[in-house]
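The values are calculated or read from the model by the stated rules, or taken from the named source; none is laboratory data. Please read all numbers here as calculations on a predicted model, not as lab measurements. Here the Cβ positions follow ideal geometry from the backbone for every residue, glycine too, while neighbour counts run over all protein chains shown. Side chains included, ligands, DNA and RNA excluded: accessible areas come from the protein's heavy atoms. Shrake-Rupley method; radii C 1.70, N 1.55, O 1.52, S 1.80 Å.
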Amino acid sequence: MKPTFSGSLLLFAAIALLLQGCSSPEDKSSSIRVRWSHDPETLNVLQPPSQPAFDAANLIYTSLLHSNFSTEKLEPALAEDYPTTQYIGDSLTRLSYHIRSVATWDDGRPVLATDVDFTLKLMFCPGLPNETAQLEFDFIRALIPDPNDPRHFTLECRGQSLEYPQSSGEFFIVPEAAVDPKGLLRRFTLAELQRLPPNAPADSALVRVARQYQAFAPGALPGCGPYQLSAWEKDRYLTFRRKEKWWGSKIQPTPFVLQARPSQLDFVIIPDASTASLALQRGDLDVFPQVPAREFARLQNSSAARAKLAFYSVPSYDVVTAGFNTRRPALADALTRKALGRCFDTAGLIKATQLGAGQQTVGIISPLDRANYNDSLAPLPFDLTAAAAMLRQAGWRRESTADDAGLVRTKAQGELQRLRLVVRYRAEESTFATAALQFQAAAASIGVAVSLLPTEAGSFAATLKSGDFDMYVRTLKGNPFMFNYVPLYHSRALGQSNVTGFSTPASDRLIDAITRARTPKRKSQLLRRFQTMLQTEAPIIPLFFLPTRVAANRNLTGLHVNSLKPGFAITTVERSAVPSPTTTP
Amino acid sequence: MAWSLLWRFSRTLLAVWALASVVFLLSHHDTDTAAQFALSDSSEFVGSGSSSDSAKYQAAQSAVLHRLGLDLPLFYVGRITFSPSGASQWQWHGFANQYHRWLTGVLKGDLGTSFRTGQTVSARLLQALAYTLPLTGTAAMLSVLAALGLAQRLAAGPWWQRPVRTLLVSLHALPLFVVALLLLLLFANPEVFAWFPTYGLDQPTTLTASPWARTATYVLHMVLPITALILTALPDLTLQLTASLTHELGSDYAATARAKGLSGSAVIRHHALRNALLPTLTQIAELLPALVAGALVVEVVFALPGMGRLLAEAAASRDYPVLVGGVLLTGAARLLALLLADLLYLWADPRIRWQP
């Protein structure tokens, strides 16, 4: 077959295109490219719906306090210092803040107390996606401005807690002049907005403010953070450029939380980890946070990847746990739950799912938190003999007559109970599937019948909430700043976030005492007691803390890989001529 | 003929409406989960600062439902249960219901607003289609052309037909994600051949490049995804068409044509191909809904935006307006594809007549 003229032309064009594409001028040095697995969807500053959305908002907007990724503490950002705390009686707290005098909005206007007041009111303005913010910040009941200093104000909070100084400063501030130039929200007090019923007739002023807020294109609402959104291609990438006159750089030395070293940040959306891994090896990507265990190990074992990349692995605050539905009669007693807890081979699971990188724990407080972690307790052992003995002690015996012989026990009223368990977990998570399978095999060996029910992520939360499970395996997301266990284990949260259904008067008192503790020492004592109580009552079995794995270009410095989300400090990363060490522990 | 066509078109419209209505009503039964997605899940956070008061959570949930318009009754009629007696009875809700609001919106061209992003559904679908159509359209066109060319040669019975058929059957057995990953690991891997880019349509840094360089970059980025789609569609089309052509070549009219001195390829082109196309037309028409629905696997593997990812993410996060809008679009495409197949049958074989 002779090649035709048109065929040759087509071939030539294809080669020319290929060469042109290969030699396209890609300036890889000016920006830092970070992988995100999914698009942030919205940059709603009042309620960022996901971690990428929060990270993006963190670049454009600033909060009073901000996480310092090198010390893993909340530090003053927009605020000049930590707030001063004043307890009023036994039911009120006043926190006084002062905003940095150099802090300005994009248009050069100063950031004032009125902006903070406006932001708090906007959180309670009907018709806006702000419901989570309402739940988080409903403890602030008023902002008292200082008539002599427009940058000074006091937040009046309901109740008293050691955590208020931190949690009161963790929201992004919105410019009043941009959203509400006529000051419509000033007609309302914060308390009035907080008291509005959900279905109250719409006030025209509130509707107008809500419309004005929503009229801003994503990222177009002026911020007082170091970056501006310069491009957002949905499901493809977001580009942020550092402001030419970033007020944070006027403070010398610039605090860590106000540093903005990269001139441009590109967040590229790559859903598949294998694709992201290839892009990282090719140099099309600079930072790959939250690398899955096997992909991380594969990269570490590749000599070509080792030459180009640095690998970091540190413990995170996310803990894999198994939980019981304590409302089920068969799981109502602690002895049965503790026996079943001994069927988890945690060390084996860490090896199988995290390739040995996880951290065993006695409770849901991270071992990294040395002040509060109860190191006098031992992690629950994998001991099937002890588990069988404890089940016998709890009254369970083998039913030999039935075809599918399992464990049964007779309660005082003559009612026969069977120990057959349904374990739910999120279908797409291999760590949970492995844990559930290991538990199933171990439990079967002592006569406990276990069936597994992988559940779609959206339905999973709903089924836990409705109590349609016997056991679950899931991750609990933690942080080192908050110790409010009311949502997880208090009777006030039954039917909502307390999905295990566990609560006793004693546990309620202990959880309340933790939230009210006035000194760190007292809090630490109570938290240690709380961990002991959780291990004794065993409504959940904490298995292990997951690691945070980051793989990055070796020429990057200032990553500060840490245990907080997203796992590294985005704004301090820099490209350097000297490669960084290959791996950190 | 015109009446017949009109009748079929009306039936198609009716079917699309019924399909979208069923999806709307079924999906909107699960409004609580949609509301939960809008609120952070406190049961997932250790030491959450969120209010744990059940009453406040309920109020927040009501506010979400109100904001999303999910606090209205679902349909014109519904069963109301009276507590504490537990008795229930049917009740007329009037026109202030979710379905009526959605239907009147659709008739005015408004498909609603995304729960997640606040963008209009039409804008989201159009944005995704703008990425999807060039990908799936090019792949479908090249697949059909390649299948036509390859099947004609295979039907002529060359010496290489057996290995090529074996190759096509083997390829047919491979799932799309395997093909896509293989291509990626072979041709975008620095440890094998780094000939093509790994992800996306271009890079943020190429935005300032010349139009020619940007086009070249775009084409380069599309090579592997399109190849993956072609490789999965090609075997089915080719094998079916080859079998059909082989059957036609054994018929009397083909023997007569050969006896008259026509070459093998001329017999195929001028006589057998049109008759052999009949079963393949259905397959080609089936490609139309896929053009609109996108190719989720390819979009995920090559990090491309598009309809597949949009709809999968909308389903996972209970973004019902986007989901129903997507179903409406793909459903309409499928039904139109069936209509198109009928028309193509008529063109390919004039003996076929529609029965009204």
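To make sure I understand the rule: partners must be lysines, Cα under 22 Å from the Cα of A:K411, and not fewer than 8 residues away in the same chain. Which ones qualify?
Output for A:K411: A:K338.
Applying the Karplus parametrisation 6.51 cos²θ - 1.76 cosθ + 1.60 with θ = phi - 60° to the phi angles of region A:243-255, what ³J(HN,Hα) value in whole Hz is obtained for each residue in order, glycine and proline being reported as x?
5, 5, 10, 7, 5, x, 6, 6, 7, 10, x, 5, x
Which FRET efficiency value, to the nearest 0.05, is calculated for A:Q525 and A:R141 with the Förster distance at 35 angstrom and r the Cβ-Cβ distance? Don't jump to the answer; show the numbers that get you there.
Numbers: r = 30 Å, r/R0 = 0.85.
For A:Q525 and A:R141, the calculated efficiency is 0.75.
Top mean-square fluctuation among B:A257, B:A276, B:A139, Gaussian network model of chain B, C-alpha springs under 10 Å?
Ranking B:A257, B:A276, B:A139 by mean-square fluctuation puts B:A257 first.
So, with +1 on the Cβ of K and R and -1 on the Cβ of D and E, and no other charges, what is the size of the charge dipole of the protein assembly as shown about its Cα centre, to the nearest 20 debye?
900 debye
Does region A:51-214 come out rounded, prolate or oblate, given a ≥ b ≥ c as the square roots of the eigenvalues of its C-alpha gyration tensor, rounded meaning a/c under 1.5 and, failing that, prolate meaning a/b above b/c?
Values: a/c = 1.43, a/b = 1.20, b/c = 1.19.
Cα axes put region A:51-214 in the rounded bin.
Per residue of B:172-181, count partner chain C-beta atoms within 10 Å of its C-beta, then hand back the mean as an integer.
On the way: counts 0, 0, 0, 0, 0, 1, 0, 0, 2, 3.
Mean partner-chain Cβ count within 10 Å for B:172-181: 1.
Amide H to amide H under 5 Å from A:L74: which residues, 5+ apart in sequence or cross-chain, H placed 1.01 Å off N in plane?
Here A:N68 satisfy the definition.
What figure in square angstrom, to the nearest 10, would you give for the accessible area of B:L68 with a 1.4 Å probe?
Roughly 30 Å² of B:L68 is accessible to a 1.4 Å probe.
B:S170 versus A:S50, label points 7 Å from Cα toward the beta carbon: distance in nm?
Placing both labels 7 Å beyond Cα along the Cβ direction yields 3.9 nm.
Determine the order of B:W90, B:W159, B:W347, A:W232 by accessible area, beginning with the largest, at a probe radius of 1.4 Å. All intermediate terms of the calculation are to be shown ahead of the outcome.
On the way: B:W90 165, B:W159 215, B:W347 135, A:W232 50 Å².
Ranked from most to least accessible, the order is B:W159, B:W90, B:W347, A:W232.
Can you give the average number of partner chain beta-carbon atoms within 10 Å of each beta-carbon in peptide B:122-128, as a whole number? It would help to have the intermediate numbers written out before the result.
Numbers: counts 0, 0, 1, 0, 0, 3, 2.
That average works out to 1.
If the elastic network links every pair of Cα atoms under 10 Å, which of B:S210, B:S170, B:S43 fluctuates the most in the Gaussian network model of chain B?
It is B:S43.
Run the reach check for A:K121 against aspartates and glutamates, Cα to Cα strictly under 16 Å, same-chain hits fewer than 8 apart removed. What comes back?
Within reach: A:E131, A:E136, A:D138, A:E156, A:E170, A:E176, A:D180, A:E192, A:D203.
If ligands, DNA and RNA are left out, what is the accessible area of A:Y373 with a 1.4 Å probe, given in Å² to the nearest 10?
Number for this one is 30 Å².
Keeping all protein chains in position, work out how much accessible area B:V106 exposes to a 1.4 Å probe, and write it in Å² to the nearest 10.
Estimated to the nearest 10 Å², B:V106 gives 40 Å².
When Lys and Arg each count +1 and Asp and Glu each count -1, what net charge do the other residues less than 10 Å away from B:A316, Cβ to Cβ, add up to?
Details: positive: B:R318; negative: A:E428, A:E456, B:E313, B:D319.
Every neighbour counted, the sum reads -3.
Would you mind pulling out the separation of the Cα centroids of region A:133-156 and region B:275-337, in Å?
The two parts, judged by their Cα centres, are 50 Å apart.
Quick check for you: which residues of region A:194-226 have the amide N under 16 Å from the point 7 Å beyond the Cα of A:K182 toward its beta carbon?
The answer is A:203-215, whose backbone nitrogens lie closer than 16 Å to the label point.
Could you point to the residue in A:S445, A:F460, A:I540 farthest towards the positive end of chain A's charge dipole, with +1 and -1 charges on the Cβ of Lys/Arg and Asp/Glu respectively?
Comparing the listed Cα positions along the dipole, A:S445 ranks first.
Which residue fluctuates the most in chain B, going by a Gaussian network model with Cα springs under 10 Å, if the choices are B:T81, B:T198, B:T132?
Maximum fluctuation in the GNM of chain B, among the listed residues, is at B:T81.
If you take every DSSP beta bridge fully contained in chain A, what fraction is antiparallel? Give it as a percent rounded to 5.
Antiparallel: roughly 75 percent of the beta bridges in chain A.
Efficiency by 1/(1 + (r/R0)^6): what FRET value for B:L340 and B:A146, r their Cβ-Cβ distance, R0 = 22 Å, to the nearest 0.05? Write out the running numbers ahead of the final one.
Working: r = 21 Å, r/R0 = 0.95.
Computed FRET efficiency for B:L340 and B:A146 comes out at 0.60.
Among A:S497, A:W247, A:L377, flag the residue with its Cα farthest along the positive direction of the charge dipole of chain A, charges on Cβ as +1 for Lys/Arg and -1 for Asp/Glu.
A:L377
Sketch the reach of a paramagnetic label on B:L74 as a point 7 Å from Cα along Cα-to-Cβ, and name the residues of region A:432-469 whose backbone nitrogen lies under 19 Å away.
Taking a point 7 Å out along Cα→Cβ of B:L74, the residues of region A:432-469 whose backbone N falls under 19 Å are A:458-460, A:462-463, A:466.
Starting from the Cα gyration tensor of chain B, take the square roots of the eigenvalues, sort them a ≥ b ≥ c, and report rounded, prolate or oblate (rounded when a/c is under 1.5, otherwise prolate if a/b is larger than b/c, else oblate). Before the final figure, lay out the partial values.
Working: a/c = 2.84, a/b = 1.59, b/c = 1.79.
Oblate.
How many percent of DSSP beta bridges within region A:318-546 run antiparallel, rounded to 5? Intermediate values should be presented prior to the final figure.
Values: 18 of 29 bridges.
Close to 60 percent.
Could you please put B:L135, A:L355 in sequence from largest to smallest accessible area, using a 1.4 Å probe?
Numbers: B:L135 5, A:L355 75 Å².
Ranking B:L135, A:L355 by accessible area, largest first, yields A:L355, B:L135.
Per-residue mean of other chain beta-carbon atoms within 10 angstrom of the beta-carbon, peptide A:38-45? Could the numbers behind the result be given before it?
Values: counts 2, 5, 1, 8, 5, 1, 2, 0.
Mean shielding count: 3.
Within the set of other residues whose C-beta is less than 13 Å from the C-beta of A:A352, count the net charge using Lys and Arg as +1 and Asp and Glu as -1. The partial results should precede the final answer.
On the way: positive: A:R294, A:K351; negative: A:D345.
That works out to +1.
Along the Cα-to-Cβ line of A:D333, 7 Å from the Cα, sits a label point; which residues in region A:473-491 have backbone N less than 19 Å from it?
Taking a point 7 Å out along Cα→Cβ of A:D333, no residue of region A:473-491 has its backbone N under 19 Å.
Rounded, prolate or oblate: which one fits chain A, using the alpha carbon gyration tensor with axes a ≥ b ≥ c (rounded when a/c is under 1.5, else prolate when a/b beats b/c, else oblate)? Intermediate values should be presented prior to the final figure.
Values: a/c = 1.91, a/b = 1.18, b/c = 1.62.
It comes out oblate by the Cα gyration axes.
Sequence neighbours fewer than 8 away in the same chain don't count; with that in mind, list the lysines whose C-alpha is under 23 Å from A:K523.
Cα-Cα hits under 23 Å: A:K73, A:K477.
Given a 1.4 Å probe and heavy atoms of the protein chains only, how would you sort A:D284, A:D272, largest accessible area at the top? Mind showing how you got there, number by number?
Working: A:D284 15, A:D272 40 Å².
So, going from the largest accessible area down, we get A:D272, A:D284.
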